[in-house]
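So the structure is just underneath, and the comments pick up after that.
Computed from the coordinates by the stated procedures, all read-outs in this text should not be read as laboratory data. Predicted model only: the values in this text are computed from it and were never measured. Cβ placement follows ideal geometry from the backbone for every residue including glycine, while neighbour counts extend to all protein chains displayed.
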Amino acid sequence: MRRLCAGKAFFGAPELSLDAGAATSTSFLGTADEAEGGTLRGRGGPKMGATGATGDQRGVLNAVAALSLVAALIHLWVMPEHFEEWWGYGAFFLVCAVAQAVYVPLLLRRPNRTVLLLGIAGNSAIVLLYLLTRVVGIPVFGPEAGGVEGVGAIDLCATTSEAAMVVALGALVLVGMARNRTTMVGVVLSAVLLVAAHLPHVLLVLLALL
């Protein structure tokens, strides 16, 4: 009888050890999650927090995705007439439309810092090129090189959507920097640089409309 009890105690020890290990593992994972601040990480930089992306940030992401889709549809709409002018113009609008359409699921599924910066860079380049063609003239490529394009309601809608995307994505990047315990000086400096970078855009649009 004593041997049977001893055997039960012997075989019960690993079970208790496993439970303790599971508890230790759970505690370790919880500590790691707290250390990350609920932040999801992946390739290309940290993603938004699992809890933070469900609030205001999720709303901003949905708004940016909608604006990107609007810009893509507008580029697809005007693409045929630009193909009639020159294949290079049409190809440019096709590439812009595809890139902005593909960006929608990419942003919603993997909203890390690299994806946000990619959206800022791409849409800023499109906005700058639009302002260049309306104020200075079309770059050296194509049959209408050097000509100044007129400002229309459709292209203003697309450009406004792209500029709003840049501002919203920049705000999300700044929020991510603040959550990563970046110093307040760095956050303020980044915000000032972001606003200063788009002041010429606003001034050029005003000049084009006057």
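Data overview
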| read-out | value |
| --- | --- |
| Difference of contour (0.36 nm per residue) and Cα-Cα distance, ARG110 to VAL167 | 18.6 nm |
| For region 110-127, Karplus couplings with θ = phi - 60° (6.51, -1.76, 1.60), whole Hz, Gly/Pro x | 9, x, 8, 5, 4, 5, 5, 5, 4, x, 5, 5, x, 6, 5, 5, 5, 5 |
| FRET efficiency, VAL175 to LEU117 (Cβ-Cβ, R0 22 Å, nearest 0.05) | 0.95 |
| Difference of contour (0.36 nm per residue) and Cα-Cα distance, GLU149 to PHE83 | 22.2 nm |
| Protection proxy ranking, peptides 59-67, 119-127, average beta carbon neighbours within 10 Å, highest first | 119-127, 59-67 |
